[in-house]
């Protein structure tokens, strides 16, 4: 299967990063969001991020101009459905994702491959709402997409070999590295990462350490580039909670019980960097621990 055109659904942090890397790699990209203003903001952010790369000598100005010309807003899902590859990057909510795929089906080309950027939800289950479970895959990018090298490829129970091999080739064209995962809750990266973050939150909840001491311990004691609580704020505490709930529900093991303190922060609307407050307060010049 030859992929030339790509449709990205969702213009948030992940969606704009995915559009960025595909346009930079020579693909024509359509991007859509339920909020048209988000698409405008996404294209502006891509331009800004590419300009930063040009200033650092990691991209030339001609390549930037060409990449930006390859990104266009899509007026609706029917336009997205006419691309060779669809990448759903909407919110981490299964009901929302199912609605999107159901809406795409009537307008899809016969050979269009459908993928989801979900970080935890069953690929097999999402594929059942489409007319092509054999051409449906998990296509999980890491955040921030332009900088992170890994892409998780997750086959549902019905995903066929040509689709899988096509997606392997797409990842190679992007200049990234793929890791293949089985379709179990949270796959590989988040099956390991998010419970670690949840345990760090329990460590805070139980008074074993403060926000600062926990993050310092993992940065200097385990050589992590970011502490687990700082990383949770970067990911979004609502996303961390959603993934823990998927693990807890899907694997029925109490070791995946979300920490009550994580639940409390999400209930308060303190979701991390995107709301200016989480385990750190970002409203000043420097982040300040909130506990």
Among 258, 228, which is the only one that is in contact with a helix residue (DSSP H, G or I) (Cβ under 6 Å, 6 or more places away or on another chain) and either surrounded by fewer than 16 Cβ atoms within 10 Å (Cβ to Cβ) or without any contact (Cβ under 8 Å) to a residue 60 or more places away in the chain (or both)? 228
Quick check: anything in region 169-186 surrounded by 18 or more Cβ atoms within 10 Å (Cβ to Cβ), in contact with a helix residue (DSSP H, G or I) (Cβ under 9 Å, 6 or more places away or on another chain) and at positive phi? yes
Is at least one residue of region 189-209 over 27 Å from the mean Cα position of the chain (by Cα), at positive phi and either outside any loop (DSSP other than H, G, I, E, B) or loosely packed, with under 14 Cβ neighbours inside 10 Å (or both)? yes
Pairs returned, first residue in region 6-17 that is at positive phi, second residue that is crowded, with 24+ Cβ neighbours inside 10 Å and not in a helix (DSSP H, G or I), beta-carbon separation under 6 angstrom, 6 or more apart or interchain, are 10/89
Quick check, is residue 135 farther than 20 Å from residue 236 by Cα, surrounded by fewer than 19 Cβ atoms within 10 Å (Cβ to Cβ) and at pLDDT 95 or above? no
Does residue 228 satisfy the criteria of being farther than 17 Å from residue 291 by Cβ, out of contact with any strand residue (DSSP E or B) (no Cβ under 6 Å at 6 or more places or on another chain) and at pLDDT 95 or above? no
Residue 139 vs. criteria part of a loop (DSSP other than H, G, I, E, B) and under 30 Å from residue 110 (Cβ atoms): no
Mind checking whether some residue in region 32-45 is assigned by TED's automatic domain parsing to the domain that holds residue 116 and either within 20 Å of residue 176 (Cα to Cα) or in contact (Cβ under 8 Å) with a residue 60 or more places away in the chain (or both)? no
Residue within region 266-275 that is at pLDDT 95 or above, over 24 Å from residue 118 (Cα atoms) and part of a helix (DSSP H, G or I) present: yes
Across region 83-95, the tally of residues that are out of contact with any strand residue (DSSP E or B) (no Cβ under 8 Å at 6 or more places or on another chain) and either closer than 14 Å to residue 119 by Cβ or in a loop (DSSP other than H, G, I, E, B) (or both) stands at 4
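Out of curiosity, is residue 179 assigned to a loop (DSSP other than H, G, I, E, B) and under 30 Å from residue 248 (Cα atoms)?
No.
So which residues in region 78-94 are surrounded by fewer than 19 Cβ atoms within 10 Å (Cβ to Cβ) and modelled with pLDDT of 95 or more, if there are any at all?
78, 79, 82
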In region 265-279, what residues are closer than 18 Å to residue 202 by Cβ and either buried (at least 19 other Cβ atoms within 10 Å of the Cβ) or touching a helix residue (DSSP H, G or I) at 6+ places or on another chain (Cβ under 9 Å) (or both)? 265, 266, 270, 272, 278, 279
Residue check, residue 105 against (1) modelled with pLDDT of 95 or more; (2) touching a helix residue (DSSP H, G or I) at 6+ places or on another chain (Cβ under 7 Å), all met but one. Which one? (2)
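The values are calculated or read from the model by the stated rules, or taken from the named source; none is laboratory data. Computed from a predicted structure; not experimentally measured. Every residue, glycine among them, receives a Cβ derived from its backbone with ideal geometry; neighbour counts consider all protein chains shown.
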